[in-house]
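**Q** Here it is: the structure, laid out below.
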Amino acid sequence: MLLSNSKLQAQTLIVFAAAAAAQAAEHFSCKHSRDGSRLNKPTCPRHSRSVRDVYMCLGSQYFRRAYRMSYKSFWELYLKVKDEMEATFKEAAKIRRLARRKHRRQLRRGNNRNPTPPPPPNGKIHTSVRLACALRYSAGGSPYDIISTYGISHTEQFDSVWYTVDAVNKTKEFDIKYPESHEEQRKIAEDFRGVSTVKFECCGGSIDGILIWTLKPTLANAKAVGVDQQKFMCGRKHKFGLNCQAVSDVRGQFLDISITYGGASSDVVTFESSDLKRHLDQGLLAPNLVLFGDNAYIDSQYMVTPYPNTSGGPKDNYNFFHSQLRIRIECAFGMLVQRWGILRSAVPRNISIAKTITLVLALAKLHNFCIDAADEVVANPLLQDEHHMTTNESGSVPLVPNADASKVLGREVTTPDDLIGGGEHFDDAPRQYRRRQQDDYHRTGLCIHVQDSFMSRPRRRGT
């Protein structure tokens with residue numbers, strides 16, 4: 001019996017849909033993740049790049065914009081945190097191996113032995129790639145941009161952030177602690193004297209607080225840090241957050257930092273319970289040196305604040321010259337937030353309050369590292385590259401000066417927008433690519449979300 005046209009078309013569509021689904025399942029049939037730990041989550045090999053490949057495509061100017069430091073400073077940072085990152089990764093890998101052994105024992109009890117997982121499809125992720133992923137994400141880059149650039153999975157991208165955060169916080173060279181030597185303190189005061197119009201010689205640092213914007217923490221997150229849930233609400237800014245108190249020098253480097261209270265606490269409450277206050281009471285500062293703070297603090301033998309309610313006269317003049325030095329901590333906070341775009345908006349919900357504290361501490365230490373690295377004068381990359389710009393056979397100018405782009409990635413590079421990426425800093429890319437780039441990344445993120453939902457959907461019994 002012949003089928004009608006409508007039934008024949010319906011069966012044809014079903015056959016084509018089944019074939020397409022089978023082809024997609026075969027394409028994503030790798031049953032292991034990058035480290036071979038999640039055997040039931042399908043992944044596929046991706047094209048991976050090294051940090052050098054990205055630098056050759058971007059050039060020095062865009063690399064510095066994307067990663068907030070020069071290529072040379074990046075490798076200096078890599079050498080400082082390499083050992084700690086590898087140690088942290090080995091410790092995490094050990095925990096994963098123990099979890100896999102426990103899973104295998106459970107399977108053996110059910111007479112279902114788990115086969116040995118195959119090697120990862122893309123090989124081991126280099127430590128420099130993990131560091132680059134963490135820097136780009138902290139700078140405000142889109143996770144989808146990082147994933148597509150370096151060819152890693154979602155979980156590995158976020159794991160790389162915490163490997164880097166732990167390594168930076170464990171490196172003693174990056175520790176932020178107010179200097180105990182009176183010679184170093186007088187050197188700080190001498191630097192402040194150089195920028196003071198009336199030559200104040202008593203400033204040992206400027207102090208203030210900033211609200212680290214977070215979403216409303218859960219009861220478990222608030223309990224983990226020992227702070228009531230409502231204590232995170234800042235009534236003045238109508239935001240949830242953490243009160244971060246810091247002291248800076250004239251260059252904007254942090255000399256002391258403390259994150260122990262929620263956004264509802266005032267600066268003076270945070271200061272009174274800080275370790276810095278305890279050390280100041282014990283005579284930390286050299287004679288005739290004080291900290292410059294605003295009216296949120298209280299005048300004492302080691303703290304000076306402006307005169308309140310002044311309108312002209314000598315007191316108002318003093319407040320003006322006082323603010324010349326006190327504003328340095330405001331500039332330091334501004335540079336911190338401008339450099340690390342993840343702090344421009346609320347910290348993502350998947351980052352707990354305890355992890356937010358460690359993240360901000362690590363970013364403050366990297367902020368100090370970037371200021372030290374900027375002491376070396378770096379030539380303008382545009383002027384440096386224009387002298388040796390060469391043209392290809394078609395007469396167009398390649399993106400990479402002094403290099404054949406086809407030898408870098410096997411193709412000619414025309415625009416850097418696929419490497420710089422989205423996030424909070426679309427101005428990192430050239431102006432003509434920003435809108436197109438933003439639309440592309442929104443579209444890519446939607447496709448990846450739909451793909452993950454399709455692949456992770458549980459199957460019905462008997463199918």
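**Q** So, ASP275, is that one of a type outside the set (S, T, N, Q) and over 21 Å from PHE200 (Cβ atoms) or not?
**A** yes
**Q** Which condition breaks for ALA264 when tested against (1) in contact with a strand residue (DSSP E or B) (Cβ under 8 Å, 6 or more places away or on another chain); (2) buried (at least 17 other Cβ atoms within 10 Å of the Cβ); (3) modelled with pLDDT of 90 or more?
**A** (3)
**Q** Could you list, in sequence order, all residues of segment 138-166 that are in contact with a Gly (Cβ under 6 Å, 6 or more places away or on another chain) and among the hydrophobic types (A, V, I, L, M, F, W, C)?
**A** Listed by number, the list holds a single entry, ALA139.
**Q** Restricting to segment 283-338, give me the number of residues that are under 27 Å from GLU183 (Cβ atoms), not polar (S, T, N, Q) and not in a loop (DSSP other than H, G, I, E, B).
**A** Final tally of qualifying residues: 15.
**Q** Need the failing condition index for LEU131 against (1) surrounded by fewer than 19 Cβ atoms within 10 Å (Cβ to Cβ); (2) farther than 30 Å from GLY293 by Cβ, just the number.
**A** The number of the failed condition is (1).
To keep it simple, each residue is scored yes or no on (1) loosely packed, with under 14 Cβ neighbours inside 10 Å; (2) at pLDDT 70 or above.
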position: TYR62; (1), (2): no, yes
position: LYS82; (1), (2): no, yes
position: GLU91; (1), (2): yes, yes
position: LEU107; (1), (2): yes, no
position: ASN111; (1), (2): yes, no
position: PRO120; (1), (2): no, no
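**Q** Determine which member of the set VAL250, VAL225 is modelled with pLDDT under 90, buried (at least 17 other Cβ atoms within 10 Å of the Cβ), in the same structural domain as GLY209 (by TED's automatic domain parsing) and not basic (Lys, Arg).
**A** VAL225 is the lone residue from the list that is modelled with pLDDT under 90, buried (at least 17 other Cβ atoms within 10 Å of the Cβ), in the same structural domain as GLY209 (by TED's automatic domain parsing) and not basic (Lys, Arg).
**Q** While we're looking at this one, here's another question. So, in segment 157-176, exactly how many residues are exposed (fewer than 13 other Cβ atoms within 10 Å of the Cβ) and in a loop (DSSP other than H, G, I, E, B)?
**A** Summing the residues that are exposed (fewer than 13 other Cβ atoms within 10 Å of the Cβ) and in a loop (DSSP other than H, G, I, E, B) in segment 157-176 gives 1.
**Q** Return a yes/no flag: does segment 170-189 have any residue that is of a type in the set (A, V, I, L, M, F, W, C) and within 22 Å of the chain's Cα centre (by Cα). Spell out the reasoning first.
**A** Initially, segment 170-189 is screened for residues of a type in the set (A, V, I, L, M, F, W, C), giving 174, 176, 188-189.
Retained after the next criterion (residues that are within 22 Å of the chain's Cα centre (by Cα)): 174, 176.
Among the residues of segment 170-189, at least one is of a type in the set (A, V, I, L, M, F, W, C) and within 22 Å of the chain's Cα centre (by Cα), which makes the answer yes.
The values are calculated or read from the model by the stated rules, or taken from the named source; none is laboratory data. Predicted model only: the values in this text are computed from it and were never measured. As a convention, Cβ positions derive from the backbone with ideal geometry for all residues, glycine included, and neighbour counts pool all protein chains shown.
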